[in-house]
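The values are calculated or read from the model by the stated rules, or taken from the named source; none is laboratory data. Because the structure is predicted, anything quoted here is derived from the model rather than measured. We place every Cβ from the backbone using ideal geometry, glycine too, and count neighbours over all the protein chains shown. Only protein heavy atoms, including side chains, enter the accessible area calculation; ligands, DNA and RNA are left aside. Shrake-Rupley method; radii C 1.70, N 1.55, O 1.52, S 1.80 Å.
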Amino acid sequence: MPEQQSDTAKAAFRVVLNDEEQYSVWWTDRELPAGWRAEGTEGTREECLAHIGEIWTDMRPAGLRRRMAENAPAV
């Protein structure tokens with residue numbers, strides 16, 4: 001198991017997001033999974049997770065945020 005951890009520490013990752021504006025990390029040397037696109041940030045796993053922690057402040061999916069905004073009472 002320690003060998004696997006060192007491989008992960010050395011690996012390069014990228015920040016990815018989907019159409020619902022949900023974020024994740026993905027290896028830079030692998031094809032992105034269907035429905036996900038690169039956000040533009042790359043680095044270690046820890047760097048990418050730190051970036052996600054800074055920018056992903058509203059965990060609600062984009063579709064839910066839109067529906068809630070549409071149903072909000074007019075002020």
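The figures follow:
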| read-out | value |
| --- | --- |
| Length added when fully stretched, Ala34-Met59, from 0.36 nm per residue minus Cα-Cα | 6.9 nm |
| Solvent exposure, largest accessible area first (probe 1.4 Å, DNA, RNA and ligands not counted), of Glu46, Glu39, Glu54, Glu31 | Glu31, Glu54, Glu46, Glu39 |
| Positive-end residue of Val15, Gly43, Asn71, charge dipole of the chain with Cβ unit charges | Asn71 |
| Calculated FRET efficiency for the pair Asn71/Glu46, C-beta based, R₀ 25 Å, to 0.05 | 0.05 |
| Arg45, Arg67, Arg14, ranked by accessible area, largest first (probe 1.4 Å) | Arg67, Arg45, Arg14 |
| Helix 45-55 vs. the chain, principal-axis angle (Cα, 0 to 90°, nearest 10) | 10 degrees |
| The chain: angle of helix 62-71 to the longest principal axis, Cα-based, in degrees nearest 10 | 10 degrees |
| Accessible area in square angstrom per residue, the stretch 16-65, 1.4 angstrom probe | 66 Å² |
| Helix-only CD estimate at 222 nm, as mean residue ellipticity for the chain, using -39500 (n - 2.57) per DSSP H run (n ≥ 4) | -11500 deg cm²/dmol |
| Answer label for mean projected area of the Cα convex hull in nm² (calculated), chosen among [x] 6.2; [y] 6.5; [z] 4.8 | [y] |
